[in-house]
1. Exactly one of these conditions fails for B:Arg224: (1) without any contact (Cβ under 8 Å) to a residue 60 or more places away in the chain; (2) at the interface with another protein chain (Cβ under 7 Å from one of its Cβ atoms). Give me its number.
2. Only one of these conditions is not met by A:Ser37: (1) closer than 29 Å to A:Ala176 by Cβ; (2) more than 11 Å from every other protein chain (Cβ to nearest Cβ); (3) of a type in the set (Ser, Thr, Tyr). Which number is it?
3. Does C:Pro288 qualify as being out of contact with any His (no Cβ under 6 Å at 6 or more places or on another chain) and more than 10 Å from every other protein chain (Cβ to nearest Cβ)?
4. So which residues in segment A:239-263 are in contact with a Lys or Arg (Cβ under 9 Å, 6 or more places away or on another chain), closer than 17 Å to A:Gln317 by Cα and among the hydrophobic types (A, V, I, L, M, F, W, C), if there are any at all?
5. Any idea which of B:Ala135, B:Ala141, B:Ala194, B:Ala102 is in contact (Cβ under 8 Å) with a residue 12 or more places away in the chain and over 26 Å from C:Leu322 (Cβ atoms)?
6. Which members of segment C:290-309 meet the condition of being without any contact (Cβ under 8 Å) to a residue 12 or more places away in the chain and out of contact with any Phe, Trp or Tyr (no Cβ under 6 Å at 6 or more places or on another chain)?
7. Going through segment A:119-140 one residue at a time, which ones are within 12 Å of A:Gly178 (Cα to Cα) and touching a Leu at 6+ places or on another chain (Cβ under 9 Å)?
8. Which one is surrounded by the most Cβ atoms within 10 Å (Cβ to Cβ), of the residues in segment A:52-79 that are facing another protein chain (nearest Cβ under 8 Å) and part of a loop (DSSP other than H, G, I, E, B)?
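Any read-out appearing in this document is the output of simple, stated calculations on the displayed coordinates, not a laboratory observation. Computed from a predicted model, the values in this text were never measured in an experiment. FYI the Cβ positions are ideal-geometry reconstructions off the backbone, even for glycines, and counts take in every protein chain you see.
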Amino acid sequence: MVTTDIRTNTETVLTVEDLRTYFTTRWGTVKAVDGISFDLRRGETLGIVGESGCGKSVTMLSLMRLIPIPPGRIVTGSIVLDGEDIIPISEQEMAQIRGSKIALIIQDPMTSLNPVFSIGNQVEEAITLHQDIPKRTVMERALDVLRKVNIPAAETRAKDYPHQMSGGMRQRVVGAMGISCQPQVLIADEPTTSLDVTIQAQYLKLLKDIQKESDLSIIFITHDFGIVAKMCDRVAVMYAGRIVEHGSVRDIFNNPSHPYTEALLASVPKMDRDVDRLFSIDGQPPPLHDLPVGCSFADRCPVVMDKCREQYPDSRQVSDGHVASCWRVE
Amino acid sequence: MQKYLVRRFLLAFVTLLSVSLIIFIMSRVSGDPRHIYLDDYSTQEDWDRMGVVLGLDKPYYQQYGIFLKGALRGDFGESVREGRPVTAVVIERAPATLLLGAVAFSISLMVGVPLGILSAVKRGTMMDTFGKVVALIGQSAPPFWLGIMLMFFFAVKLGMVPPYGKQDWNSIILPAVTLGWYYAAANLRLVRSAMLDVLDSEYIKLARAKGVNSRNIILRHAFRNALIPPLTFAGVTMGALVTGSLVVETVFAWPGLGRLAIEALFAFDYPLLQGVVITFTLIYVTAAFIVDVLYAYVDPRIRYA
Amino acid sequence: MAADLSGIVIAPPTLRAKAAGLYRKLKRWPVIPIFVLGLVVFAGLFAPLVAPHDPEKGELRERNIPPAWSSGEMSMKTVVERLSINERTTSVTLVDAQEIDASAQLGDEIEVFTRPAGSSKFLLGTDHLGRDVLSRVIYGARISLLVSIITLLVGGSIGITMGLVAGYYGGFVDEFLMRLVDIKLAIPLILIALVLVITLGQSLWIIVTVLCLFIWPRFARQVRGEVLQLKHMDYVSLAKVSGASTARILFIHIFPGTINTLIVVSTLQVGIVILLESTLSFLGAGVPPPTPAWGSMVADGRDKLAGGVWWISTFPGVAIMLTVMSLNWFGDWLRDTLDPRLRQLE
């Protein structure tokens, strides 16, 4: 298929280079994110997958510069958003970028809205923060956004407080806040985990529609490969704070090249196959404050070699745009 | 909202009624009221006549009815010591206590809330330690002793303020600080822990992600939520401020209801004592009701429940 | 905002790590409050052995002696208001039998050394009746200890039972008990206590009764809250199904689940009981004199302050403050250690 809009696939909005975020804890330095790099093109959806505790959420917080300092700190790396590295800039400048250029939708719709403000008020705030426009326009804009996320009778519901809405509704409001200033990058941190399946599907469709309409780039953080298949163009698989495999959705699903990716895929239940038992990965991820010298997955890897315990595998090319950090990849 | 307020109002009413019952029972248990009015030289006739006047010849429930009817009209009988209506004496003394309570309550808020917020925001720093020390001392020093010590240093030693009584504007400083201190400490702790919980919440994370700056995160988003627990506590505070006024007014010879109660007590002036106790309860119930309304205003979950 | 570390997996601890963890935990024991509380309990238990003097007897000759470190140079200015013999004397006799050699006239302002120096016989000085302040403070610990233990046992049991019943049955019983708690808050209990003491006479038992009235609601509320959660636990349903009696379910199955909370609540409540007991004593409704109680000692010294006699009130007050502070501190630590969920508990 010929791409009609060349811009869509060429312009890079976000480049992350060798990002390391560490936490100082009682047990030592926890390397929650340990040298990840990726880029995100306009209108593209990147999925970041992995078990809980692999560093997905810390990656998300680092991109927003919301890491609590202390105990956390971004040790090295650069996050270039829209041509500007956001790591060295001041907190005030960052506050201006949050919400306007890069926005966030968090996992739990039940607790992510402030209980003492009406939802209209909260959406309006998101707009006022970044746009110097008269109050009337702000209100209209807020209602527009609420309509956009399919809130029925937006005028009346805007006066409601979070506790008066259902989980799915609240999640839409959170979404509305995220897109209210037309950001370039939207980070969705497991935005559908607490919703039931039909509402989840509706919500995902909504996100896709909005994305198509405004050429939004989305980073989808999830552990659900079903969602990845439905939503994403490319996937980065994270394990123990590092990206172990990175490629297009097709590459990852058809030709998983890291044993961890294979294991993850194997543990997804499939409709078209009869399985007696779901595959699960034995063992636990290594403690992030005490990573082994070699490959972090070595202890759980079914095809481990001596070399794996000696040195961490560098990133190796499997095919064009598909890389994996595994010694088996030649 | 209306249902909530009606409920709170009914509760206030029931509370008043129960207190009046307790008071009535206690006044009867403590002995025949005629002993207070009549001395050893009165005759049996005097005794009986007095009984009829006070309604003591009727069964207890009717006596309570009479007491209640009087109380509703603001009539608690005559003070034995002062020889005039209890209500008049109480009304004369009430403003001093209300003033003291209001100033002390303001102190407890103006000291406790900002310190609590600072301690939470600057958790683990010197500021936090300072807040902890203030709270620990505030909740441990007995008010009667604290009052005496303050009086010794600031009035006796330094002569900065009058040691007792209510003459100049600055006589209120020591009693109000003494009374407010404990609740300042309590508010500090409550606000600090509420603030920590709120700052930890998802909605604060999302507000930051929206681009709200640190100052507004605290002042706009966190503050109102962090006010909810101390507001719940404010009802209790008000009640305890009443008790506290008993002690503090005694220490500083402050001419309010607390001292009046102690005076009435040691003069065996039961009618006066009853009047003061009922007034105290009334003040508490009213204050608690105001707090309930405020509470509903701050927390929409209650307003629309 | 705290770190989202929930997902970070920490390796199962080795034996050595466990030992180190235990050490760290021990190191975090709050030493100061434990030391103070130990001292108070020791003083209370062994008062007759520890106290240097009889707390209830004193020589009038030895009254108002300042603490041992005081040099006695404390002086005050006074105006001669009355001369004892006649208006032309060379020796002035002050009210407390000190003689000053001065040719004072009526209305003269003279400087008087009102007090002798402190003596090592009375470390914290003596009170207005010549009784040793230190011994009285030590004996005062007894009363506070006794009152708080009895109150805690009786008031705590009432509150716990009420809380268990209210939480378990819910409905009307619950509503009634909780309204009772509300009403209790509205009553100036100190006043009621004073009335009781005045009419029925001063005694330890009346004080304990009143204090029980004070503390049961706190226990009832806390236990009720816990029971509301615990009663839906599987093991409770299981006990119900297997036909256990309600009393058995309440006390054998549910009550143990509330113990952590109760330990914390008790510690914090003891502080409140000590404060209240001393307040009653201060207002003249505590254990009858001459038994030394901290609150009444503060009251004793109150009107001596103007004359510069500060130690009678100060030391018992310091004793109350240190004890209550240690209880609060220790209680906070217990709460953080046993049950971080209870952070809201005040």
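1. (1)
2. Among (1) closer than 29 Å to A:Ala176 by Cβ; (2) more than 11 Å from every other protein chain (Cβ to nearest Cβ); (3) of a type in the set (Ser, Thr, Tyr), the lone unmet condition for A:Ser37 is (1).
3. Considered against the rule, which asks whether it is out of contact with any His (no Cβ under 6 Å at 6 or more places or on another chain) and more than 10 Å from every other protein chain (Cβ to nearest Cβ), C:Pro288 comes out as yes.
4. Listed by number, the residues that qualify are A:Val249, A:Ile252.
5. The match here is B:Ala194.
6. C:Arg302, C:Asp303, C:Ala306
7. If the condition is that a residue be within 12 Å of A:Gly178 (Cα to Cα) and touching a Leu at 6+ places or on another chain (Cβ under 9 Å), then A:Gln122, A:Val123 are the ones that fit.
8. A:Cys54
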